[in-house]
Amino acid sequence: MIESKGHVNPGDPQVRFHRFAIGLDDLVRHVWVVRWSIPEGETRPQRVLSYPAGNIVIMAAQSRLYGLDPSVDIRELSGDGWAIGLLLRPAALPALTSTPPRQLVAGSEEIAPPAELPDADDAEALAAALRRWLEPAADRVPRAGRLLNAVCAEAEQDSSLTRVDDLAARFELSTRTLERLVSRGLGVSPKWLLDCRRLQEAATRLFADPDIDLAGLAGELGYADQAHFGRQYRRVLGETPDATRRAGHQARHPH
């Protein structure tokens with residue numbers, strides 16, 4: 001099982017997730033499959049934090065390619081349903097669409113699904129079908145795309161990186177070259193990547209531990225004070241830290 005930081009409130013027995021890799025590592029990080037069966041008249045809110053990367057989501061009625069979106073997405077599930085998603089690598093968007101990545105930030109467009117789609121519960125057959133579908137796009141990932149993948153992985157994994165010039169120096173790039181690389185591939189700035197990582201970590205921790213001290217968390221993440229942290233949090237994630245904490249409390253005490 002592949003662990004994911006994106007699904008903030010897993011664990012509902014009526015919402016089943018499964019994740020696996022398909023081998024196109026320059027293009028796809030992993031595939032996720034979700035099935036749900038919710039009693040009639042009830043809903044299950046699912047809070048999702050996206051990685052700073054694109055996604056493909058395939059459902060019964062549509063298939064869409066999504067650009068980057070750091071905000072907290074609350075999806076209300078009801079009835080019986082399923083979805084197949086592919087968490088993409090940063091280099092994927094230019095290989096999959098002619099739409100400039102900047103136009104897909106917090107947006108999406110239709111994408112033609114695989115010609116044949118096996119049952120979502122057959123992970124091996126599904127992985128093979130998705131590989132056949134995306135292999136041509138994987139072959140189009142250039143050297144600059146692989147560099148972008150490496151840059152974004154470093155920005156995500158190394159919490160000591162808080163300055164754009166330090167990230168550029170890590171790859172022996174000028175700040176200007178790094179800005180062009182990230183903008184052309186993802187439609188955002190390197191600073192956006194660093195801010196997104198810190199604030200998504202904050203959101204995950206606030207939801208998991210609603211009683212955490214905000215001032216202490218802000219200092220731990222490198223913010224000058226709690227007020228600055230709160231403003232950035234709301235600007236990037238679309239809700240206040242207190243709203244995330246309330247959601248965490250509600251998840252633990254639904255009645």
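The values are calculated or read from the model by the stated rules, or taken from the named source; none is laboratory data. None of these values were measured; they are calculated from a predicted model. Positions of Cβ are generated from backbone atoms using ideal geometry, with glycine treated the same way; all protein chains shown enter the neighbour counts. These area figures cover heavy atoms from the full protein model, side chains too; ligands, DNA and RNA do not enter into them. Shrake-Rupley method; radii C 1.70, N 1.55, O 1.52, S 1.80 Å.
Points to keep in mind about this one:
- Selection count where residues are more than 14 Å from the chain's Cα centre (by Cα) and open to solvent by 40 Å² or more (accessible area, probe 1.4 Å), scope region 62-74: 2
- Yes/no for ARG198 being open to solvent by 60 Å² or more (accessible area, probe 1.4 Å), among the basic types (Lys, Arg) and either assigned to a helix (DSSP H, G or I) or under 27 Å from PRO45 (Cα atoms) (or both): no
- Of all residues in region 61-82 being among the charged types (D, E, K, R) and under 26 Å from ASP25 (Cβ atoms), the one that is modelled with the highest pLDDT: ARG64
- In the set (1) free of Cβ contacts under 8 Å to residues at least 24 places away in the same chain; (2) among the hydroxyl-bearing types (Ser, Thr, Tyr); (3) closer than 27 Å to THR97 by Cα, SER183 fails one condition alone, (1).
- The condition of being within 20 Å of TYR51 (Cβ to Cβ) and more than 18 Å from the chain's Cα centre (by Cα) holds for only one of ALA247, ALA224, ALA243, ALA215, that being ALA247.
- When region 207-247 is limited to residues that are closer than 14 Å to PRO70 by Cα and of a type in the set (D, E, K, R), the one that is least open to solvent (accessible area, probe 1.4 Å) turns out to be GLU239.
- Restricting THR204, THR177 to those that are of a type outside the set (Phe, Trp, Tyr), open to solvent by 30 Å² or more (accessible area, probe 1.4 Å) and at pLDDT below 95 reduces the list to THR204.
- Residue match in region 148-161 (condition: under 21 Å from LEU68 (Cβ atoms), in contact (Cβ under 8 Å) with a residue 12 or more places away in the chain, touching a helix residue (DSSP H, G or I) at 6+ places or on another chain (Cβ under 7 Å) and open to solvent by 20 Å² or more (accessible area, probe 1.4 Å)): yes
- In the condition set (1) under 20 Å from ARG198 (Cα atoms); (2) part of a strand (DSSP E or B); (3) in contact with a Ser or Thr (Cβ under 7 Å, 6 or more places away or on another chain); (4) of a type in the set (D, E, K, R), ARG47 is compliant with all but (3).
- Here GLY85 meets the list (1) modelled with pLDDT of 85 or more; (2) under 18 Å from ALA153 (Cα atoms) almost entirely, failing just condition (2).
- Restricted to region 207-228, and to residues there that are part of a loop (DSSP other than H, G, I, E, B) and not small (Gly, Ala, Ser), the residue that is farthest from CYS196 (Cα to Cα) is ASP211.
- The residues of region 75-99 that are touching a residue at least 40 places away in the same chain (Cβ under 8 Å), open to solvent by less than 40 Å² (accessible area, probe 1.4 Å) and in a loop (DSSP other than H, G, I, E, B), listed by number, are GLY79, PRO90, ALA91.
- Flag if GLN250 is closer than 24 Å to ARG44 by Cα, in a helix (DSSP H, G or I) and either without any contact (Cβ under 8 Å) to a residue 12 or more places away in the chain or open to solvent by 70 Å² or more (accessible area, probe 1.4 Å) (or both): yes
- Against the test of being touching a Leu at 6+ places or on another chain (Cβ under 7 Å) and not aromatic (Phe, Trp, Tyr), the options GLU109, GLU116, GLU124 yield a single qualifying residue, GLU109.
- Of the residues making up region 180-191, those that are under 20 Å from SER160 (Cα atoms) and either open to solvent by less than 50 Å² (accessible area, probe 1.4 Å) or small (Gly, Ala, Ser) (or both) are VAL182, SER189, PRO190.
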